[in-house]
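Contents: one structure, followed by commentary.
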Amino acid sequence: MQTKTYAGIPEDLAKLDKAKIVLIPVPYDGTSTWQKGADKGPEAFLDASANMELYDIETGTEVYHQGVHLVDAVTENSSPEAMVEAVHQVTKKYIKRNKFVTIFGGEHSVSIGTVRAFNEMYPSLTVLQLDAHADLRKSYEGSTCNHACAMYEASQNTNLIQVGIRSMDVMEKTVMDEEKTYFAHEMAVDDTWMDAAIDQMTENVFITIDLDVFDPSIMPSTGTPEPGGLLWYETMEFLKQVFEEKNVVGFDIVELCPNKIDKSSDFLAAKLYYKMLSYKFQNEEAEEEYDNSFDDEKVNKNNNTKFQDEDAY
Ligand SMILES: [Mn+2]
């Protein structure tokens, strides 16, 4: 059992039946290739969140009144495949409970499970990936559930839009849809990318943020920092626009790799998460019921075909 609530919010706002928002921590770091430590990400994120102001100046809201339920961390790590399946099932379980489901990793392979769940539950899903890396390898080091493969499945099964990319293997070009890829070096000199990317999105959008999309000057605590990344306000401007124009159905944030010296990255992650919730719920009264309107028909159809559903409830 979790003993703390998200950001230290009152316990009655953290109860599952009351909360519109569910937060699933996944402290998994089984396949990182360079710096280890993403397994410490959720804890550092939660610590920083507990020390953050909960009034959002920009939206004039206190989104925690919508209720945030922090569930037990997914700790399955016997194999990358088993972790992905565990994340897939837990994510789907809370979508079915009519919650706005958010996930904090862990390394990026966590997102294979989250995307799979959202894609089963929502028709015509767009996956908006903010990342320095393309992550489009079909398999890597013997597994299709390696962090380097995080977006391969999404590229095959969803409308994948990649933003901030500045590192990839030439082989990934065979999988990549360059029409839907926004490279960092192009974004730096052309600010039409925000509208162009939003025009390519379907109504239902799942957002996956690899924190290495940010410039290492503001986000050094990540496994594979790459120069030339996004800054804070341009990212907020873009996210705000996506939340306003599309139905964002959920999101995950991955690859916080905390260290003792740099606390600002933990706070960036905490603030990013809270900002995204603030944008999502800025026009909703706390008393209203949340309706995540997942597609029952699609769920049933998919259960008979693509994936096995072993949830018992
Ligand atoms: Mn990355």
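Details
- Filtering the stretch 268-301 to residues that are in a helix (DSSP H, G or I), at pLDDT below 80 and either in contact with a strand residue (DSSP E or B) (Cβ under 9 Å, 6 or more places away or on another chain) or surrounded by fewer than 16 Cβ atoms within 10 Å (Cβ to Cβ) (or both) leaves D296, E297, N300, K301.
- Test: residue in the stretch 132-145 that is out of contact with any helix residue (DSSP H, G or I) (no Cβ under 8 Å at 6 or more places or on another chain) and at pLDDT 95 or above: no
- Every pair of residues 6+ apart whose Cβ atoms lie under 9 Å, when the first sits in the stretch 98-113 and is at positive phi while the second is assigned to a strand (DSSP E or B): G106/P25; G106/V26; G106/D252; G106/V254; G106/L256
- Options T114, T91: the member that is modelled with pLDDT of 95 or more, buried (at least 24 other Cβ atoms within 10 Å of the Cβ) and more than 16 Å from the ligand (Cβ to nearest atom): T91
- Condition met for K96 (surrounded by fewer than 24 Cβ atoms within 10 Å (Cβ to Cβ) and out of contact with any Phe, Trp or Tyr (no Cβ under 9 Å at 6 or more places or on another chain)): no
- Set A38, A14: member being under 30 Å from A82 (Cβ atoms) and touching a helix residue (DSSP H, G or I) at 6+ places or on another chain (Cβ under 7 Å): A14
- Any hit, the stretch 11-19, residues being outside any helix (DSSP H, G or I), crowded, with 20+ Cβ neighbours inside 10 Å, touching a His at 6+ places or on another chain (Cβ under 9 Å) and modelled with pLDDT of 95 or more: yes
- Subset of the stretch 228-251 [in contact (Cβ under 8 Å) with a residue 24 or more places away in the chain and assigned to a loop (DSSP other than H, G, I, E, B)]: G228, G229, K246
- Cβ separations smaller than 9 Å between residues 6+ apart or across chains give the following pairs from the stretch 126-144 residues that are within 14 Å of the ligand (Cβ to nearest atom) to residues that are of a type in the set (F, W, Y): L130/F214; L130/F238; A132/F214; D135/Y152; L136/Y152; R137/Y152.
- Filtering N77, N98 for residues that are within 28 Å of E284 (Cα to Cα) and part of a loop (DSSP other than H, G, I, E, B) leaves a single hit, N98.
- Every residue from the stretch 230-284 that is among the hydroxyl-bearing types (S, T, Y) and within 17 Å of A50 (Cα to Cα): S264, S265, Y273, Y274, S278
- Within the stretch 196-221, the set of residues being more than 16 Å from the ligand (Cβ to nearest atom), of a type in the set (V, I, T) and surrounded by 24 or more Cβ atoms within 10 Å (Cβ to Cβ) comprises V205 only.
- Looking only at the stretch 145-176, and only at residues there that are among the hydrophobic types (A, V, I, L, M, F, W, C), within 14 Å of the ligand (Cβ to nearest atom) and farther than 24 Å from W193 by Cβ, the one that is surrounded by the fewest Cβ atoms within 10 Å (Cβ to Cβ): C149
The values are calculated or read from the model by the stated rules, or taken from the named source; none is laboratory data. Since this is a predicted model, take the numbers as computed values, not measurements. Cβ atoms come from the backbone with ideal geometry, glycine included; neighbour counts cover every protein chain shown.
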